[in-house]
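A short worksheet on the structure shown next.
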Amino acid sequence: MISIDSALCRGCGLCVKTCAQQALFLENKKAFCKDSCTLCGICVDACPFHALSLPQKTAKEDLSAYCGIWVVAQCDQGRLLPVTLELLGKARQLADQKQVPLSAVLLSNQAETLARELIFSGADQVLLLSHSSLAAEDEELTFRLLAEEIERRKPEIVLFGATAFGRSVAPRLAARLRTGLTADCTQLEIDKEQGLLLQTRPAFGGNLMATIATPYARPQMATVRAGIFPTPKRDTSRTGTQVLLPFPTKKKPGLHVLETQIQAENSSLPSAQLLVVAGKGIGTKKNMKLVHRFAQLVGAQVGVSRPLVEAGWSDYRYQIGQTGVTVHPKILLSLGVSGAIQHLAGISGAETIIAVNTDPHAPIFQVADYKVQADCIATLESLIQRYESQK
Amino acid sequence: MEPMQPFSAQFSAYLKDESRTIGFADSISFPKSEAEVLTILTYCNQNNIPVTIQGARTGLAAAAVPFGGHVMNLSQMKQMLSLREENGQFFLTVEPGLTLLECNQKLASHQLQSPAFSAASLAVLEQMEGKTFFFAPDPTETTCTIGGMAACNASGARSFLYGPTRNHITALRVVLPSGEALALRRGTCFARHRQLHLTTEQGTSYALALPQYRMPNTKNASGYYIKENLDAIDLFLGSDGTLGVITALELKLTLLPASIWGISFFFSAEETALRFADTVRHQMPGLASVEYFDDAALTLLRKQKETGLAFAALPTIAEADRCCVYLELHSDTDEENMEKMVRLGRVMEQCGGDQSRTWVARNETDLSLLHFFRHAVPESANLIIDERKKEYPEITKLGADMSVPDDRLFDVMRLYRTTLAEAHLESATWGHLGNNHLHVNILPRDLSDFHKGKALYARWAEEISAMGGAVSAEHGVGKIKAPFLALMYGKEAIEEMRQLKLTLDPHSILGNGNLFPSVRKEAEA
Amino acid sequence: MNLIVCMKQVPSSNEVRMDPKTKTIIRDAKSAVWNPFDRSALEVAVLLKEQLGGHITALSMGIPDTSRLLEEAISCGADEALLLSDRAFAGADTLATSYALSLGVKEIGPYHLILCGKMAVDGDTAQIGPELAETLGIPHITDVTQIVFASEKELIVSRKIDGASQLVQVTLPALLTVVKEIAQPRLPSIASILHAKETPCTVRNAQNLQADTTRTGLLGSPTQVVKTFTPPPKQSGVTLSAKPDQAAKEIAALFEEVKR
C-alpha cells in the first residue's frame, strides 16, 4: 500500500477525497491507508506536502543498451494500412526529438515495394522479412520474429497500430519481453528530462486521461488506434536502408487459420466513426438517396430516427436511439432530426454532433456541438456538390 | 402572436403521441416560462382558439394530440426551481417539461444544482448530501415529462408499493385560461362536502360544484378525482389538461432503498402464476411491483429476440416457460432481500412452481436487463402493429388499461380469456397484476379483427365497471377512452364534469376532446 | 472439459467524474459488478459444459470482497471459484496481473481451455488474455465471436478482425478472448443462488502460490501512471452559418478534421 510519512502529513484530507477505493482515512489528523489500496498513485499527486509515496522500483537490467524507435508495419492486400503511416509520422517526430533512428518492421510477400513507401513516410531503416508465403498476416510468426529481433537489436520504443492484429500480437510480445504496454494511446511525447516515452490514454471510461510511462523496462511499447495521428506527407526524396531479417526459429504453430472472409465495409453502426443521421425533416423518402450519396462521399454510415422507420423510409436495423442502436461515432451529422429524448439517449456517446434543422427549438440543438439552423436538404446538396467537385 | 408559430410540416411529430393517433393543428408554441404560458393562454382565450397541452408525447390515450387550434408544448420548461425541507422530508419544485428520466438521473448522480436555486435551496441541497433520493412513480416510458405524469396521474410497476403520481405531488402552480394563476398546496384548501372555493393569486374566486359520482375502490385514472372534502390539488392532478396549464410542481422525494432486487418467476400455466402472485402480494413488506407477462407476451419477445438488433440482448426464455410473474423487492439491506427471496422460492414451490425457473437480478446491470425485458413487451407489440398497419393503415393496437378490486382478479381474467377465445382474437397481456390491472392488448390482424376488438373492448368496459372497476387505471382517459368514461360513470356524471370544467374554462379552450366529447360545437361551426 | 474463466471486478458505473475545482474524484457509492465481457465468457463456458460435460473454475484477482462476486459466478454456472488476494498483488498492471493469474491457473491444475472477456470496461486494454497465454506458453485467439466446433482436443472458432472474419482451428490447451455478443449471460435462479451460498470460494495469497513478489503488484508492473487529468470539456453549441452554402463548407471542414 501507499507509504505515508506522518511527519509530513498535516491531516488536510485531500488524499482521502481523491481515493477512488476509499482506502484512505484520517485519524487524529493524520492520514492512514487500508488494505483496499490499489496503489494507483492518484493521492501521491494530490498531496501538497509530499507526504505520500509509492514503493520505489528499480531497473532489472542496463537500459542504456536500448536505442531507436520501431514501428511494426501492417499491410492489407499489398497496401500499407493508414495507421502504419500515421504511426511513422508520429514516430518520426519522436525520433528527431531523441535523435535516434526510426525503423519499420515489415513482413510481406511484396516487402521491397512497400519498404520504399515506409521510407518515404519517415523510416530511416526497414527491417524486412520477405517471402512468398507471407501473403496474409500471421500473428504467431510476427510474434516470434519480433521477440527474437527485439532481444537481438534492443529498440527502446516499439509502436503498434491498435488493430485486431496489433492488439493480439503486442500484449503477447510484452509478456514475453516482460515489459510494459499501453493500449490505445491518444498522445505520445518524449519526456524532456529522462527521455522516456509518455503515453497518454483515456482512463475510467474517458472521463479522465492518464499519462503512463515505462521507466524501468525496455522496450517501451504502445498501441495507437487508426485516425489518432495525421498522415505524414509522402516524401519521395527520402532515403533509407533495408535490412533483410532471417526467418525466426521454427516452432510448431498452435493456430491454423482455416479461412478468412473479407467483409465489405459492414453496416455496424455501433462502431461507425463517421455517421450521418436522417430524420423526418428531410421531407421525403427520395431524399434518403442524397443522404446515402453524401455518406458514400465522406465514407460515413447512415442511421435514421424512429419516425423515419415508422414511415417506412428505412429499416429498423438502422434506427438510432434507446430502442434502436446506440452509437459512438467521432462525428455525427444530424439532418432534420428533431431529437426525441429516446433518440438523444442513443447518440450521447458521439464525440461531436453537428445538427442541421430549421426548427430553432428542436431538442437536438441542446446536445449539438455545432448548430446549423437551415434547411437540411439545401445544406446536404451543397455538401454533395462540394465533395463531388473535389473528385 | 410572437411565441406562436404557424403549424408547418416540420412540426408533424407534434401531431401524435404513443397512442399513434394523428391530429391536426393551426399553430404551435414552445413557451420557456410561466409568463409566456400566460401570454399565449390569454391570447387564445380571448380569440377562442383551442389549446392542447403537450409534454413528451409519450401518453397512450391521445390527450396530447391536438384536434385543431394551438399546440402548447411545454418540453422547454424543464428547470429545477427550488428545494425545501420539512420534518426530514425533502421536496423538489420543477417545471413541467422536465422528464422523469432526467429528474431521477440528476437525483441519482447528486447533480441537482440549478441556476434557479436560491441560497435557501442550496442549503437544503447540502443537507441532502450522502443520501440518494428518487421520484417514486415509474411509468414504463421514463422519457415522459413530470407535467404529463401529473396530468394523467400516471403510475407504473412500482405504484404497487408507492401509489400513483398523485401521492407524490405536494404543490402545483396552475395558469387558468383567464390568465390568472392558482397556487395550490396539499393540505391547505379543501372542499366542503362537494363545494370547492378557489381563489387565484389575482384575487378572483371560483365556486366549483363537484360532481356527485363515487370513484371505484381500485387503481384509477378515469375522469376528475372527486370525493367528499376533496383536497383542491387533487382535482387538478389527473385532469388530463382540461382545467389549466401546470407551470410548476413540487415533488415529494423518496429515499432510494439501498437494496433493490428483481425476480422473474416463470410458470407453465397461468393458473399457477396467478395463484402465486395472489398468495404473495399482500404478505410481503417492501414488494414494489407485481407484474405479469402471459404466454403471448413471452412469444412476442422470443420472436423479437430472433430478429436480433436491439432485442438480441434479451435473455433466452425457455420453451417450457409459458408465463411470468415479476416481483421487485425494495429493502434496506441485501440480507433482507435474500431472506425474502428464500421465502418467495418456497411459496413458488408450494404453488407448484420450480424455483430453478427464476431470474434473479441483484445489481443495477441485471435489474436494468429485467426492466428492458419489461419495456420490450409493449415495444414488440407496437412493432407487430406497425408491420400490419402497412397493409391495413386504419388498425391500431387496442390496449386495455382497466382495473378491478382484489377479489375480482380471477373473475376478470376469466372474462378476458373466454371472450378473447370466443372472438378468435390475437392478444398479448402484461401489466400490473398486483393491482388487478392488466394491459390486455388486442392485436388485430385485419380490419374485421379491429372492429371485433373494439366491440369487445367496449364490452369489457361495461362488465368491468359493473365489477366496481375503472376503465382507465393509469393512462388517463384522453381522447381514446372518452367514450368509456360515460360507460363507467353515466351521462349525468359526464355532464357534471363538463359544468365543472366550464367554471374554470368558460370558452372550453383547454384539452379539447379529452375526457368527454368536445363541448365547443359553437366555436367549431 | 476443464474450463477456467478469468473474471474481473469493475465499478458498476463507468461515470467517474473529477471535480474541476478540487481535482478530486467524485465517486458514486455504487457496488462493483463483473466486467460484462467476462460474464459472456462464463456463459460460453457454461454452454460448452452443457455440450461436453466438464468442470468450470472462475478465477479472479482482487480484494477479499471479490469473493462475493465469485459466489455470483457460481450462481451463474461455475462449479468452483478461486480468488487470488494479497497486498502483494495490489497496484498490478496487466503484466503483473497476468503473472498472478498464471499462478492461479497452475493452482487449479490441468485444463483444456481458458476463457477471458475481450477486455475490461474499466481499463479497456484488452491485454490480459494474450499476456496470460504467453506466460503459460499456450496459444491464444482474440476477439472470438462464435465457437463453431469443440472437443477436448481442439476448437474451431470464428473471430472478427478488421474488415474480415476468420475461421481458426486451435489445439488445446489454449486461451480465447471473447466478444460480449458471443453469448447472452443467463441470470442466476433462486435455486442456483442458494447452491452458491453453500459453495465456498477458495482464496490464495502470494505465499500459497509461491509467487515471485518482484513480479507481482506494483513492484512487478513495468508501467506506471505519471499523472491523471481531466480532458478539456466538450465545447458546447457553436452556431454555424444559417446559409446552406457556408454551412456546408464549415461542416465539410469538421469532417475533414476528424478524418485526418
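Values quoted throughout were computed directly from the atomic coordinates according to the rules given, and no laboratory measurement underlies them. These numbers were taken from a predicted model, which means no experiment stands behind them. Here the Cβ positions follow ideal geometry from the backbone for every residue, glycine too, while neighbour counts run over all protein chains shown.
A few notes on this one:
- Amide H contacts of C:Lys227 (H built 1.01 Å from N, under 5 Å, at least 5 apart or other chain): A:Thr211
- Rounded tilt (10° steps) of B:409-422 against the dominant C-alpha axis of chain B: 80 degrees
- Cβ-based net charge around B:Arg173, under 12 Å, with every Lys or Arg adding one and every Asp or Glu removing one: -4
- Taking every alpha-carbon pair under 8 Å whose residues sit at least 6 apart, chain C reaches a relative contact order of 23 percent.
- In terms of packing, defined here as the mean over residues of other Cβ atoms within 10 angstrom, the peptides B:444-452, B:141-149, A:122-130 line up highest first as B:141-149, A:122-130, B:444-452.
- For chymotrypsin sites (Phe, Trp or Tyr not before Pro), the sites in region A:30-78 that DSSP calls loop and that have at most 14 other Cβ atoms within 10 Å are A:Phe49.
- Each Cα pair under 8 Å and six or more residues apart adds its sequence gap; the mean of these over the residue count of chain B is a relative contact order of 17 percent.
- Phi angles across region A:293-308 convert, under the Karplus curve 6.51 cos²θ - 1.76 cosθ + 1.60 with θ = phi - 60°, into 3J(HN,Hα) values of 4, 4, 4, 5, 5, 9, x, 9, 9, 10, x, 9, 8, 4, x, 6 Hz, Gly and Pro given as x.
- At a Cβ-Cβ separation cutoff of 4.7 angstrom, cysteine residues of chain A with no neighbouring cysteine are A:Cys9, A:Cys12, A:Cys19, A:Cys33, A:Cys37, A:Cys40, A:Cys47, A:Cys67, A:Cys75, A:Cys185, A:Cys376.
- R0 of 41 Å, Cβ-Cβ distance A:His292-C:Asn208: FRET efficiency to nearest 0.05: 0.10
- Estimated inter-spin distance, B:Glu2 and B:Leu256, nm [label 7 Å along Cα→Cβ]: 4.1 nm
- Residues A:Leu107, A:Leu255 in ascending order of nearby Cβ atoms (within 10 Å, fewest first): A:Leu255, A:Leu107.
- Environment charge of A:Pro171, counting only residues whose C-beta is closer than 11 Å and scoring Lys/Arg +1, Asp/Glu -1: +1
- Comparing Cα centroids, region B:171-201 and region B:445-508 end up 26 angstrom apart.
- Straight-distance crosslink candidates among aspartates and glutamates, where the alpha carbon sits under 19 Å from B:Lys389 and sequence neighbours closer than 8 are dropped: A:Glu310, A:Asp315, B:Asp17, B:Glu18, B:Glu379, B:Glu426, B:Asp446, B:Asp449
- Size of the protein assembly as shown as Cα extents on the principal axes (Å, biggest first): 98, 72, 68
- In this structure, the residue pairs whose Cα-Cα separation is over 32 Å, taken from C:Lys160/C:Lys197; B:Lys78/C:Lys180; A:Lys289/B:Lys390; B:Lys32/B:Lys397; A:Lys90/C:Lys118, are C:Lys160/C:Lys197; B:Lys78/C:Lys180; B:Lys32/B:Lys397.
- Take the Kirkwood radius over Cα pairs of region B:259-466, plug it into Stokes-Einstein at 25 °C and 0.890 mPa s, and you get 138 µm²/s for translational diffusion.
- Full-extension gain in nm, A:Gln194 to A:Asn109, via 0.36 nm per residue minus C-alpha separation: 26.7 nm
- Close amide-amide hydrogen proximity is noted between A:Val158 and A:Trp70, A:Gln220, A:Met221, A:Ala222, each under 5 Å apart and 5 or more residues distant or on a separate chain (H modeled in the peptide plane; Pro and chain starts excluded).
- Relative contact order (%) - criterion: Cα under 8 Å, at least six apart; region: region A:201-308: 19 percent
- Counting Lys and Arg as +1 and Asp and Glu as -1 over every other residue whose Cβ lies under 11 Å from the Cβ of A:Thr200, the net charge comes to 0.
- For chain B, the longest principal axis of the alpha carbon atoms and the long axis of helix B:295-306 meet at an angle near 90°.
- Applied to region C:237-246, the Karplus parametrisation 6.51 cos²θ - 1.76 cosθ + 1.60 on θ = phi - 60° returns per-residue 3J(HN,Hα) values of x, 7, 8, 8, 4, 8, 8, x, 4, 5 Hz, with x for Gly and Pro.
- Inter-part distance where region B:206-275 and region C:61-86 are each reduced to a Cα centre, Å: 44 Å
- Residue-wise HN-Hα coupling along region B:107-118, computed from phi with Karplus coefficients 6.51, -1.76, 1.60 (Hz; x: Gly, Pro): 5, 5, 9, 6, 10, 7, 2, 9, x, 7, 5, 7
- For A:Lys34, a cut-off of 24 angstrom between C-alpha atoms picks up these lysines, skipping any fewer than 8 places away in its own chain: A:Lys17, A:Lys57, C:Lys8, C:Lys23, C:Lys30, C:Lys227.
- The calculated FRET efficiency for B:Asn47 paired with C:Ala242, based on their beta-carbon distance and R0 = 22 Å, is about 0.10.
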